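The values are calculated or read from the model by the stated rules, or taken from the named source; none is laboratory data. Small disclaimer: the values here were computed from a predicted structure and weren't measured. Note that each Cβ is placed from the backbone with ideal geometry, even for glycine, and that neighbours are counted across all protein chains shown. We work out accessible area using only protein heavy atoms, side chains counted, and drop any ligands, DNA or RNA first. Shrake-Rupley method; radii C 1.70, N 1.55, O 1.52, S 1.80 Å.
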Amino acid sequence: MSISECAKHLYESELKERLEVDHRDQFVAIEPVSKSYFLGDSFISAAMSAKSAYPDRKSFVLRIGHEAAFHIGAANST
């Protein structure tokens, strides 16, 4: 499994229910080998927390309560 697949699986199976209650709209960086996760108000703050804790490992960042970390494109204003 890829890093993103492992992190998404960990989020869905162990973290989603817990994090979506109190941390919706924040970002979570998941380091799948250790199963550690790092919360942040921004993508970069979550990612940097994970990088500080595990400088030689890759993590994957998700936005809590959303299908994607970022939404690109114009919103329909009608």
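Numerical summary
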quantity: The chain - charge dipole about Cα centre, Lys and Arg +1 at Cβ, Asp and Glu -1, debye rounded to 20; calculated: 200
quantity: Calculated FRET efficiency for the pair His66/Ile44, C-beta based, R₀ 22 Å, to 0.05; calculated: 0.85
quantity: Chain lengthening between Asp56 and His23 when straightened (0.36 nm per residue, less Cα-Cα); calculated: 9.2 nm
quantity: For Phe38, solvent-accessible area (1.4 Å; no DNA, RNA or ligand), Å²; calculated: 40
quantity: The stretch 6-72, Cα convex hull volume normalised per residue, Å³; calculated: 81
quantity: Rounded accessible area per residue of the chain, 1.4 Å, Å²; calculated: 70
quantity: Accessible area in the full protein assembly, largest first, 1.4 Å probe, for Val28, Val21; calculated: Val21, Val28
quantity: Loop sites in the stretch 1-72: trypsin sites (Lys or Arg not before Pro), DSSP, at most 16 other Cβ within 10 Å; calculated: Arg24, Lys35, Arg57, Lys58
